[in-house]
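Below you'll find the structure, written out as structure tokens, and then a few comments.
Read-outs throughout are calculated quantities, based only on the coordinates presented, and are distinct from any laboratory measurement. A quick note: this is a predicted structure, and the numbers were derived from the prediction, not measured. Cβ sites come from the backbone with ideal geometry, for glycine too, and all protein chains shown count toward neighbours.
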Number of protein chains: 2
Amino acid sequence: MSAPDFVATDRTAVRRLPKRAAYDRPTVEAILDEALVCHVGFVVDGQPYVIPTIHARVGDRLYVHGSAASRMLRTLGAGPPVCVTVTILDGLVLARSAFHHSMNYRSVVVLGRARRVDDPGEKSAALEAIVEHVVPGRSREARGPDERELAATSVLRLDLVEASAKVRTGPPLDDEADMELPVWAGVIPLRLAAGEPVPDPRLLAGLEVPPSVRGYRRPAKR
Amino acid sequence: MSAPDFVATDRTAVRRLPKRAAYDRPTVEAILDEALVCHVGFVVDGQPYVIPTIHARVGDRLYVHGSAASRMLRTLGAGPPVCVTVTILDGLVLARSAFHHSMNYRSVVVLGRARRVDDPGEKSAALEAIVEHVVPGRSREARGPDERELAATSVLRLDLVEASAKVRTGPPLDDEADMELPVWAGVIPLRLAAGEPVPDPRLLAGLEVPPSVRGYRRPAKR
């Protein structure tokens, strides 16, 4: 049984342009899954910090990982309030007026408290999910982590309880009075595009580019 | 005379993998200028929030804008500590071991306190810079803001004083013991690509796609 949709709280309700808000779980999950990286916000001595990192979603749990020595991982593992935001840029919206210029995007904000994952099984599964989040199929190709590498890595879990999405799509929305202006208006679509894979300089001879790498794109193939 | 380079403070010094750090102004400025959006971190009642928004740099000042009614703009205008982070994804780094998987990226973290811009001249220039940041040349094509639109928009300024960059480039860095593994390794380059412009459904007949839109790419043409 899948988890229920999110309930807009006083902290996650989208106030500006609420018609762009979404609280249903499939929308939130699809955005989290497509976004390659997230931005993690946390507070140290009253100062907010925002750090980019890779995440992965497994059901109703969000995982991030990092060096066990990292300040961010150590700070977050203690369970302070955290905000994880992902943003996907879909297009530049060019209106006839400067004022109505905008972007087409899909973003998700997750609030909560992270916990360090100590259970070996959950930790291994989370690390595999993070590799799979970036390149589906890759965890079957690469050498998995050994004991030393697992010990050097911290994994944090944030349960998906308080979350909201914000989505803008479509053409510009100009004032009616501007419609006759001789100004080009429309959308420049944007996407994160993958180029031709660049083999490692020390790649063994005869190794082919694997299917996980060939034709790589977001949203990732499953 | 250009401003001096940044000095690593206790708060901006890159601790994890310090060889990836950069504090020189040209590096920081180029990353801020290429990134389309930033993620703004601020704190309300102890809870950090991270919100994506468009920024623009003018000299040693960073500007963001938004609705005068926005909670973020009103909160930040009062001058609490803020963090502005931009991240550009350049590639997926696929190592022979899962542990050494990474990303090539360029990111900048700016700390400080924002101030609301009330001076009409600075406010207009900042709004123009934000349009030009996204689509260079566009501010000469679109209708500029009128008094009502200016009043409905808030602009915030964050002086670039405390900032650092972090950059990863190049191939994966596997353990020597893994070099003989028959695992494909290398980099999948990533870039934010623009598609064919989509004209507004109500575009006046006979309007050509302007040079600012034709062949759009990041970093933006100047």
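For chain B, the longest principal axis of the C-alpha atoms and the axis of helix B:25-34 are separated by about 70°. If you fit an axis through the alpha-carbon atoms of helix B:120-134 and take the longest principal axis of the Cα set of chain B, what angle between them do you get, 0 to 90°, nearest 10? For helix B:120-134, the angle is close to 40 degrees.
Across the range B:211-219, coupling constants 3J(HN,Hα) worked out from phi with the 6.51/-1.76/1.60 Karplus curve, θ = phi - 60°, read x, 5, 9, 5, x, 4, 7, 10, x Hz, and Gly and Pro carry x. Taken one residue at a time, the phi angles of the range B:109-119 give Karplus couplings (6.51, -1.76, 1.60, θ = phi - 60°) of 10, 10, 10, x, 10, 7, 10, 6, 8, 9, 5 Hz. Gly and Pro are set to x. Going by neighbour counts of Cβ atoms within 10 Å, the residues B:HIS39, B:HIS101 line up, fewest first, as B:HIS101, B:HIS39. Translational diffusion coefficient, Stokes-Einstein: compute it for the range A:18-189 using the Kirkwood radius over C-alpha pairs as Rh, at 4 °C and 1.567 mPa s, and state it as an integer in µm² s⁻¹. It diffuses with D of about 72 µm²/s by this estimate.
Please list the non-local residues whose amide H lies under 5 Å from the amide H of A:GLY91, H modeled 1.01 Å from N, same-chain partners needing a gap of 5 or more. Under 5 Å from the amide H of A:GLY91 lie the amide H atoms of A:ASN104, A:LEU190, each far enough along the sequence or on another chain. When the GluC sites (Glu not before Pro) in the range B:110-190 are filtered for DSSP coil states and for at most 12 other beta-carbon atoms within 10 Å of their beta-carbon, the remaining sites are B:GLU180. In order along the range B:168-185, phi translates into HN-Hα couplings of 10, 9, x, x, x, 10, 7, 5, 4, 5, 8, 5, 8, 5, x, 10, 4, 9 Hz, rounded to whole numbers, per the Karplus curve 6.51 cos²θ - 1.76 cosθ + 1.60 with θ = phi - 60° and x for Gly and Pro. For B:GLY112, the amide hydrogen comes within under 5 Å of the amide hydrogens of B:VAL82, counting only partners 5 or more places away or on other chains and with H modelled in the peptide plane.
Between the amide H of B:LEU160 and those of B:ARG61, B:LEU62, distances stay under 5 Å, these residues lying 5 or more places away or on another chain, with hydrogens modeled in the peptide plane. Relative to the other identical copies, A:ASP175 shows label-point distances of 6.5 nm, where the label point lies 7 Å from Cα along the Cβ direction and values run shortest first.
Taking 7 Å steps out from each Cα toward its Cβ at B:ALA13 and B:THR169 produces label points 2.6 nm apart.
Taking each of A:LYS166/B:LYS123; A:LYS166/B:LYS19; A:LYS123/B:LYS166 in turn, the alpha-carbon distance tops 30 angstrom for A:LYS166/B:LYS19.
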